[in-house]
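Written below as structure tokens is the structure these notes are about.
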Amino acid sequence: MADWSLRLEEDVLRGKCGIFPSLAERTAAYENFYLRPAGSASGRAGASFPSPSSLQGFPESASLDIRQVQSPFSTLLCLYDGRGNEYTFSRAGMRHVRRSLPWQGHYHTHDYIEILYVFKGSFRQILLGEQQTFSAGEFVITDRNLKHADVLEAGADTAVLFLSLQDDYLDRLLSSHDSRDDLQRFFFHALQKQRKDQSYIHLRQSRKLPLSQSPSGPDHIVDIQLSRLLETLIEEDYFPAPGGGDILRGNLIRLFSLLCRHFSARLHSSSQETRERAFLYELERYLRLHFATVTVYELEEIFHYHRNFYNLLLRKYRGMGFRDYIQDIRMRHAAELLKNTRLPVRDIALSAGYRNNSHFYYLFERHFGISPAEYRRLSHNIEED
């Protein structure tokens with residue numbers, strides 16, 4: 001049985017410094033205080049917790065109590081070291097668990113939506129019957145219907161932040177958001193509508209480096225925003241105050257918007273059609289952003305499916321193959337430029353992805369039934385009328 005202890009009083013760090021500039025500073029302070037070797041001057045690991053003989057009254061299932069959520073929103077910061085120590089921090093206080101590694105937790109479901117963010121290291125869970133490893137900088141959003149289990153193995157230190165949102169609280173939050181961005185529509189649709197299936201959303205950053213290892217630059221600005229935003233959510237959860245509810249809601253909407261703009265989202269579901277439709281949202285958004293140059297070989301590199309899959313998926317749900325789908329986007333793009341700009345036709349053809357003007361003229365006339373010049377003339381006449 002794992003060593004188990006729970007301290008419901010305010011933890012030492014929270015008493016001395018309740019507010020940190022960012023999640024990065026909070027995590028570093030907690031690691032420095034709790035994960036130092038027992039022999040160090042300020043080390044705490046193993047020094048202030050009961051011995052195994054004094055813990056016989058605590059069953060293993062007691063370790064799950066820390067994940068129960070009574071309020072609409074709550075946070076839980078977890079630190080894991082490679083020796084089996086787990087430190088969790090919430091508004092209830094600090095809890096320490098010592099386990100023998102490797103360890104697999106019980107399969108369980110939540111009565112709330114859980115947003116998992118791996119700040120440092122990597123974290124494993126068994127989801128939809130498969131073990132998944134999530135790396136630093138990645139988010140996972142699990143629905144309340146999804147059975148899953150945590151897995152811990154010996155290795156490097158890991159820091160994970162869990163955000164828990166009650167079902168009706170999330171519904172009200174999402175219903176207040178109106179966006180025309182395709183990925184945001186997919187993201188909110190997946191959260192709001194896919195409750196009948198066991199599902200989770202995996203979000204990877206569009207760049208390579210995780211938040212805790214990013215160099216300076218534009219991406220680093222996003223990291224700073226994310227770290228401060230997550231810390232604000234922890235502060236408002238720990239120290240409720242007048243107006244705190246509005247601050248929480250505003251920062252959660254900012255978090256979702258940040259994820260939509262800078263992360264690639266993939267919905268995993270027990271339903272094949274749900275998985276396909278969710279991926280279709282992401283695929284179509286990518287095609288609209290890169291229509292002038294995209295190829296099926298590029299899609300293989302980005303999404304890791306065989307080239308035939310994209311053709312079959314578009315035929316199944318859009319009634320046209322990859323080539324016709326891209327051509328349709330290109331023609332509509334060219335038509336918009338002909339209607340709303342004075343750009344030469346050759347420049348418009350190049351913008352749409354065609355270097356051969358004759359081929360562009362042929363495709364445009366086949367698509368619209370008239371030449372580009374005639375389309376521009378008629379469009380301008382209609383506007384004047």
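Restricted to the stretch 227-256, and to residues there that are under 14 Å from residue 22 (Cα atoms) and touching a residue at least 60 places away in the same chain (Cβ under 8 Å), the residue that is surrounded by the fewest Cβ atoms within 10 Å (Cβ to Cβ) is 228.
Select the helices (runs of 4 or more DSSP H) contained entirely in the stretch 277-372, then report the ones holding at least 1 residues which are under 20 Å from residue 267 (Cβ atoms) and in the same structural domain as residue 199 (by TED's automatic domain parsing). Where helices (runs of 4 or more DSSP H) fall fully within the stretch 277-372, none carries at least 1 residues being under 20 Å from residue 267 (Cβ atoms) and in the same structural domain as residue 199 (by TED's automatic domain parsing). I'm told residue 165 meets every condition in (1) farther than 22 Å from residue 31 by Cβ; (2) over 17 Å from the mean Cα position of the chain (by Cα); (3) at pLDDT 90 or above; (4) of a type in the set (A, V, I, L, M) except one. Can you identify the failing condition by its number? Result: residue 165 passes all but (2). Screening 144, 172, 124 for residues that are surrounded by fewer than 15 Cβ atoms within 10 Å (Cβ to Cβ) and assigned by TED's automatic domain parsing to the domain that holds residue 255 leaves exactly one candidate, 172. The set of residues in the stretch 343-362 being hydrophobic (A, V, I, L, M, F, W, C) and crowded, with 18+ Cβ neighbours inside 10 Å consists of 345, 348, 349, 352, 360. Scanning the stretch 257-272 turns up no residue that is without any contact (Cβ under 8 Å) to a residue 24 or more places away in the chain, surrounded by fewer than 17 Cβ atoms within 10 Å (Cβ to Cβ) and not in a helix (DSSP H, G or I). With respect to (1) modelled with pLDDT under 85; (2) more than 30 Å from the chain's Cα centre (by Cα); (3) not in a helix (DSSP H, G or I), the lone exception for residue 53 is condition (3).
Within the stretch 90-146, being on the phi > 0 side of the Ramachandran plot, out of contact with any Pro (no Cβ under 8 Å at 6 or more places or on another chain) and at pLDDT 90 or above holds for one residue alone: 121.
Please verify whether the stretch 213-226 includes one or more residues that are surrounded by fewer than 18 Cβ atoms within 10 Å (Cβ to Cβ), out of contact with any Pro (no Cβ under 7 Å at 6 or more places or on another chain), at pLDDT below 60 and within 17 Å of residue 28 (Cα to Cα). Taking every residue of the stretch 213-226 in turn, at least one turns out to be surrounded by fewer than 18 Cβ atoms within 10 Å (Cβ to Cβ), out of contact with any Pro (no Cβ under 7 Å at 6 or more places or on another chain), at pLDDT below 60 and within 17 Å of residue 28 (Cα to Cα).
The values are calculated or read from the model by the stated rules, or taken from the named source; none is laboratory data. These figures come from a predicted structure and were not determined experimentally. Glycine gets a Cβ as well: all are built from the backbone with ideal geometry, and neighbour counts include every protein chain shown.
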